[in-house]
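The values are calculated or read from the model by the stated rules, or taken from the named source; none is laboratory data. These numbers come from a predicted model, not from an experiment. We place every Cβ from the backbone using ideal geometry, glycine too, and count neighbours over all the protein chains shown. For accessibility, only protein heavy atoms count, side chains too; no ligands or nucleic acids. Shrake-Rupley method; radii C 1.70, N 1.55, O 1.52, S 1.80 Å.
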Amino acid sequence: MSTSPSSSSSPTSAGVDSVPVVRLENATRVYNPGENEVRAIDGVNLDVARGDFMALVGPSGSGKSTVLHSLGCLDRPDVGRVFVEGQDTTTLNGDALAQVRNQRIGFIFQSFNLIPVFSAYENIEFSLQILGNVSPAESRERVNEMLAILGLEKQKDRRPNQLSGGQQQRVAIGRALVKRPAIILADEPTANLDRRTSEDIIGLMRRMNEDKHATFVFSTHDEHLMHHARRVVRLVDGKIVSDERKAA
Amino acid sequence: MNFMLRMAFRNALRNRRRSLFTIASLVLGVGLFVAAKSFVDGIEMTMVSTQIDSEHGHLRVVTKAYLLDEDYRPLDVPFDDASAVAALFAKTFPTAQVESRAQFMAQIGDGVRTLNARGLVVNPETYEKMFRIGALSPPPLGEGGVQPKAWAWMGADLASAFGLKVGDRFFVKAKTRTGTVNAQDGVILAGLLQSGSAMTDNFTVIVPSSWGAKFLNLRREGETVDYATEVFARFGDPNDAEAAEAAVLDAHPSLDAETWRENTAFVRAFNDIRRQHFYLVVGIILLIGALSVANTSLMAAFERTKEIGTLLALGYRASSVRALFLTETLLIGAVGSLLGVAIGGTASAWFERHPIRLTGLDEVEGGMPMPPLLYFKLSPEALLYGFLIGLMVATVAALLPAIRASKLDPLTALREEA
Ligand SMILES: Nc1ncnc2c1ncn2[C@@H]1O[C@H](COP(=O)(O)OP(=O)(O)OP(=O)(O)O)[C@@H](O)[C@H]1O
Ligand SMILES: [Mg+2]
């Protein structure tokens, strides 16, 4: 079993580390096995490299979400294997998978999914709290820095229902990023946002990718948004049909 | 941990109406438990202390032979050791009050009717200090400052059955220690006995030894003290009764002694039955409370499926989700239990000071005896048990929904529409 010596702490060594952040190996996910079986993804091989800013595109039902869930250890392929920073997660139990998600993976959801009883500040802080091993002083510093980057300093004490969709999604990005995960996965992060806000959010993600070397994989239907990506992976019927890298 | 508590606390406030309903149902159950326990404890305590105060003291000593025939209240069973027993108590328990008396079968009448009663020959000055049955004062002097020849005190209910008032006259007839039958006319009713004990209030007539000893031939030629059928002792500490009993039985094998605890075993026995009745009702209410808690918890878990999915995606472990939901319910449970204890306790404390007077309700609850004045007795245990029972109900009720919430698959939970 190959293990990576690198921890989740800082994905600054982009390009240097040859081990992919996450790798899908012949991943197949079958729903309703038998007559009406659906192969949500079918023999997908995908390496996400450190520092990638990847868009997953494809028609509805093509398997974008399923790929993201597999990459994020939220779902287990029926066939094939998932490696996170070199660690084979296929045989891990629920708690161990939770641990992998906790330390190495950040999620951004289509409908933001902030904890409604927490303020913007607390939602971001909560992520560090679950991570553990972060001193209160460091936590304060990291959350405040994140709020500054997101431009949410004034709104930090508001609860999600007092924030606009774009603001909520910024908080969600902060929540995912603050723990410095190996990879951030975003399933249609802009689907509930208007055009301008969507550009904003993707711009913010891109900036994080460039400035902080954070690795992003996001799915989208939006042709405009995929132009921001540096790598575009296209899915059709659960299979990868193209994988294009663009020059920076 | 800090974060989980914060989250749990705010979640508990999220659906206030539901939380309040749950709290209310727990308050009702816990409050009723505290009140019911205090109520029955109060009845038990009142009945036990009435029995001690009016009939039994802390220890009663009789001869074994007397016990066999007690129903006939014989005056001719030898009890030579009575004064020795009194001396023994005085020596071993210097602060003990000791009292002896002679119990006899009395017939009393007003010339029209005759009734059987329990007669007691006592030394009124000391007897009234030992037993709380009302003052045993002699009647006022008659014309020319002459002391009446005979007087007695009678249970208030017995007197009212006769239509006798203080100062009225009646006759007493009894078989004496020597077997003759004596009758005394013109006995003045000097006062009424009021104790809360049916035996005293309904059936007893007390005769002072000043004329009663002679009337019943209680002292024979050569004897220095009046004959007694029983000796009673009352100790500074009621728990001395057992030691005193052992000492008496050790020194006088022919005697039998009964502590107040043995004597009131029946009181505890039927109050235990009464307790069970109440607890059954309280249990049903608590069950409803439990269902309400479970419902609240289940609804919370159901409504927040997507949130649980988010927590799991963020790396929250299943056990933490379970702990979160348990904590939420326990917070509500703790508030409900505390309020229940506070309300039930306050009500019980109030009724401890303001007893409920039962009139014409001598026999309620399927013939179980009740004291005429109902005092509640609030104990720290009632509060503690009430609180713990409330918490336990909440915990048990919360367990299943919490486990269910923690068993959710993260992806399935996330797919749930918000
Ligand atoms: N829980 C499930 N049960 C049954 N079939 C499922 C389930 N989840 C996904 N599928 C099927 O798997 C296929 C891929 O779904 P997936 O959600 O990955 O597609 P997608 O590319 O994300 O689509 P969209 O753009 O609409 O979000 C679809 O045909 C879908 O119906
Ligand atoms: Mg999808």
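Overview of values
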{"item": "Among B:Leu414, B:Asn15, B:Ile403 - extreme Cα towards positive end, dipole of the protein assembly as shown, charges at beta-carbon", "result": "B:Leu414"}
{"item": "0 to 90° range, to nearest 10: angle between helix A:120-131 axis and chain A longest Cα axis", "result": "60"}
{"item": "Summed side-chain charge close to B:Asp226 - residues other than B:Asp226 whose Cβ falls under 12 Å, Lys, Arg +1, Asp, Glu -1", "result": "+4"}
{"item": "Angle between chain A longest axis and helix A:94-104 axis [Cα atoms, degrees, rounded to 10]", "result": "60"}
{"item": "On Cα atoms only, tilt of A:165-177 relative to the major axis of chain A in degrees", "result": "80"}
{"item": "Label-point separation, B:Leu287 to A:Arg245 (7 Å along Cα→Cβ), nm", "result": "7.0"}
{"item": "Unit charges on C-beta of K, R, D, E only; dipole of the stretch A:151-248, Debye", "result": "440"}
{"item": "Helical segments meeting 20 Å axial Cα length and Kyte-Doolittle -1.0 threshold in chain B (DSSP H)", "result": "B:16-51, B:265-303, B:318-353, B:380-406"}
{"item": "Point-charge dipole on Cβ atoms (K/R +1, D/E -1) for the protein assembly as shown, about Cα centre, debye to 20", "result": "2400"}
{"item": "When the convex hull of its Cα atoms is projected in every direction, mean area for chain B (nm²)", "result": "28.0"}
{"item": "Inter-probe distance in nm under a simple model that places probes 7 Å from Cα toward Cβ, at A:Arg195 and B:Asp76", "result": "12.4"}
{"item": "Formal net charge of residues neighbouring A:Ala120 (Cβ-Cβ distance under 12 Å; K, R +1; D, E -1)", "result": "+2"}
{"item": "R0 of 60 Å, Cβ-Cβ distance B:Ala161-A:Glu37: FRET efficiency to nearest 0.05", "result": "0.05"}
{"item": "Most to least packed among B:378-391, B:191-204 [average Cβ atoms within 10 Å]", "result": "B:191-204, B:378-391"}
{"item": "Shielding by other protein chains, B:316-325, mean Cβ within 10 Å", "result": "2"}
{"item": "For B:Pro74, net neighbour charge (Lys/Arg +1, Asp/Glu -1) across residues whose Cβ lies under 10 Å away", "result": "-1"}
{"item": "Distance violations [Cα-Cα > 20 Å] among B:Lys165/B:Lys214; A:Lys156/A:Lys179; A:Lys64/B:Lys407; A:Lys156/A:Lys212; B:Lys306/B:Lys407", "result": "B:Lys165/B:Lys214; A:Lys64/B:Lys407; A:Lys156/A:Lys212"}
{"item": "GNM top mover of A:Glu188, A:Glu138, A:Glu122 - chain A, alpha-carbon springs below 10 Å", "result": "A:Glu138"}
{"item": "Kirkwood hydrodynamic radius over Cα pairs of the protein assembly as shown, then Stokes diffusion coefficient at 20 °C and 1.002 mPa s, in µm²/s", "result": "67"}
{"item": "All-pairs Cα distance distribution in the stretch A:189-229, expressed in whole percent, bin size 5 Å", "result": "6, 24, 36, 22, 11, 1"}
{"item": "Spatial separation of Cα centroids for the stretch B:159-211 and the stretch B:22-64, in angstrom", "result": "32"}
{"item": "Between the stretch B:303-326 and the stretch B:243-271, the alpha-carbon center distance in angstrom", "result": "62"}
{"item": "Choice from B:Ala35, B:Ala161, B:Ala347 showing the highest fluctuation, given a GNM over chain B with Cα pairs closer than 10 Å", "result": "B:Ala161"}
{"item": "Efficiency of FRET from Cβ geometry, B:Arg17 and B:Asp237, R₀ 56 Å, rounded to 0.05", "result": "0.55"}
{"item": "Chain B - mean residue ellipticity at 222 nm from DSSP helices (-39,500 (n - 2.57) per run, n ≥ 4, rounded to 500)", "result": "-17500 deg cm²/dmol"}
{"item": "Descending semi-axes in whole angstrom, ellipsoid equivalent of the stretch B:59-234, from the Cα gyration tensor", "result": "26, 18, 16"}
{"item": "B:Ala265-B:Leu388 FRET efficiency (beta carbon distance; Förster radius 22 Å; 0.05 resolution)", "result": "0.20"}
{"item": "Between the stretch A:168-185 and the stretch A:93-145, the alpha-carbon center distance in angstrom", "result": "8"}
{"item": "Average beta-carbon neighbours from other chains, 10 Å sphere, peptide A:102-109", "result": "3"}
{"item": "Probe 1.4 Å, all protein chains present, accessible-area order of A:Arg104, B:Arg274, largest first", "result": "A:Arg104, B:Arg274"}
{"item": "Mean separation of Cα contacts under 8 Å (6+ apart) over length of chain B, as relative contact order %", "result": "28"}
{"item": "Whole-number percent relative contact order across chain A, with pairs defined as alpha carbons under 8 Å at least 6 apart", "result": "29"}
{"item": "Inter-site label distance for A:Arg206 and B:Met299 at 7 Å from Cα along Cβ, in nm", "result": "4.8"}
